[in-house]
Structures are given as structure tokens and as C-alpha cells.
Amino acid sequence: MNAANALDLLANRQISTLHGPADEFLFRYANQDIIVLALGEWRHRKVPVRVHSACFGAHYLASIECDCREQLAVTMREMLRLGGGIVIFLDQDGRGNGHAGLMRSAEYARQVNCNVGDAYEALGYPRDARTYHAVPLVLRHLGIEEVILFTNNPEKLATLRDAGFELETRVVVADPSERRHLDNYYDNKRAEGHMIPRTAPS
Ligand SMILES: [Zn+2]
């Protein structure tokens, strides 16, 4: 590993949240900040983990064009039910193409009526530019070897499996009452290989 891609812990603190007391860690990797929120009693042998691509549209603009907000809410609820867990926030808006890329592709998709992946490609972006190289380093820094991964993304699973983690998976989708506006979005995700059940697990 070259020094530019080393993982550094820049700061950590205790933080009071709506979900109770938590720990916050700020790592830096490949010129990107990675914030980790560790909720509740998270130091289990098998740690509930979510790798969350932070999404400006969902989290700040109340966009209903993706399920990032719902996935985060469902994940945190389920983690707390298990006693605690950690959420790793990656700065990968627009599938790693940046917010300008997201805006351009969303507008292109709307105008020509194609899906967002096709729109990224039509505009010269990768369909999905996200990478997860930092995640195994973060987990090992925190002393985690066994993971319950909250995701529907096979890329995230493969990254951790290839890095040698013991893995269990929990599929995360929006609750049925909150997903009517997401039907097309989920159809596209399924077509791209994501693990989205037709009806949400109870
Ligand atoms: Zn989103």
C-alpha cells in the first residue's frame, strides 16, 4: 500500500444523538474524509455494519428519487434493535460521480426517459464510480473481523468477502409504506444486480 492510500484517524469523540450516545470517528483515506458513527453497544463479536454512500439529495434536499434516506433509517432502527452497530459514511454522491454528475445525469434521464445508469454513460461518466477500498481498513482499525452487513449492493458484499471478513447479510430496503414512489428506482436497481425483494421483509 502506498502512503497516499494509508488510512489515518484524524479525530474521534463521543456524540449525543437522537438514537442515544454514540462514538464518531473521522478517518481520511485517498484525500477523502470518512465519517463513522458507532451507535449503542456496537463492540459485539459480530458487528452490524452499514457502508452508506452519503446522498445530498436524499439527506438534505428531501429528494424522493432514491432510497438513501429510507435505507439509512431502516438500518439504524435494525442496528439499535441488535444493540448497536456502525455506519461508515462515504462521500460518494452520484455513485461517485459527484453531485454535478448526479444532477446532469438525472436531468438527462428525465429528458430522454432512460435510467440513471444509462444517463451517466451517455454523458461520459462510469455507471458506478464508487469504490470501497477504505472499508476493510476502517473495520480493521476498529478491531472488527466479523460483520453483519446491511446492504442490497453486491459490490459492497464482494469487497468485504474478498478482504477476508466473516459475513452475514441483512437486505435493506425501504418499508412498504414508504416505497411506493420507489418502484421504478427499485426496478432499475434489480436490473443492475441489487438484491431487492419484491416485498420488503417484515
Ligand atoms: Zn440517494
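Kindly indicate whether any position in region 8-19 is touching a helix residue (DSSP H, G or I) at 6+ places or on another chain (Cβ under 8 Å) and either in a loop (DSSP other than H, G, I, E, B) or away from the ligand (no atom under 16 Å from the Cβ) (or both). Show your work before the answer.
Just the residues of region 8-19 that are touching a helix residue (DSSP H, G or I) at 6+ places or on another chain (Cβ under 8 Å), to begin with: 9, 19.
Cutting the leftovers down to either in a loop (DSSP other than H, G, I, E, B) or away from the ligand (no atom under 16 Å from the Cβ) (or both) gives us 9, 19.
Yes, region 8-19 contains a residue that is touching a helix residue (DSSP H, G or I) at 6+ places or on another chain (Cβ under 8 Å) and either in a loop (DSSP other than H, G, I, E, B) or away from the ligand (no atom under 16 Å from the Cβ) (or both).
Can you go through ILE34, ILE15, ILE64 and tell me which one is without any contact (Cβ under 8 Å) to a residue 40 or more places away in the chain and not charged (D, E, K, R)? Full working, then the answer.
Values: ILE34 fails: without any contact (Cβ under 8 Å) to a residue 40 or more places away in the chain; ILE64 fails: without any contact (Cβ under 8 Å) to a residue 40 or more places away in the chain.
Among ILE34, ILE15, ILE64, only ILE15 is without any contact (Cβ under 8 Å) to a residue 40 or more places away in the chain and not charged (D, E, K, R).
Just one of the numbered conditions (1) out of contact with any Phe, Trp or Tyr (no Cβ under 6 Å at 6 or more places or on another chain); (2) at negative phi is not true of ASP93; which one?
Every condition holds for ASP93 apart from (1).
Tally time: how many residues in region 84-110 are assigned to a loop (DSSP other than H, G, I, E, B), out of contact with any strand residue (DSSP E or B) (no Cβ under 7 Å at 6 or more places or on another chain) and surrounded by fewer than 20 Cβ atoms within 10 Å (Cβ to Cβ)?
Taking region 84-110 first, the residues assigned to a loop (DSSP other than H, G, I, E, B) are 91-92, 97.
Of the ones still in play, those that are also out of contact with any strand residue (DSSP E or B) (no Cβ under 7 Å at 6 or more places or on another chain) are 97.
Next cut, surrounded by fewer than 20 Cβ atoms within 10 Å (Cβ to Cβ) only: none.
Count: 0.
Within the bounds of region 35-52, is there any residue that is farther than 25 Å from PHE165 by Cβ and at pLDDT 95 or above?
Filtering region 35-52 down to residues farther than 25 Å from PHE165 by Cβ leaves none.
Looking for residues that are farther than 25 Å from PHE165 by Cβ and at pLDDT 95 or above, one finds none in region 35-52, hence no.
Mind listing just one residue for me: the one in region 45-83 that is of a type in the set (Val, Ile, Thr) and assigned to a helix (DSSP H, G or I) and, of those, nearest to the chain's Cα centre (by Cα)?
THR75
The values are calculated or read from the model by the stated rules, or taken from the named source; none is laboratory data. Only a predicted model underlies this, so the values are computations on that prediction, with no experimental measurement involved. Methodologically, a virtual Cβ is constructed for each residue, glycine included, from the backbone with ideal geometry; neighbour enumeration extends over all protein chains shown.
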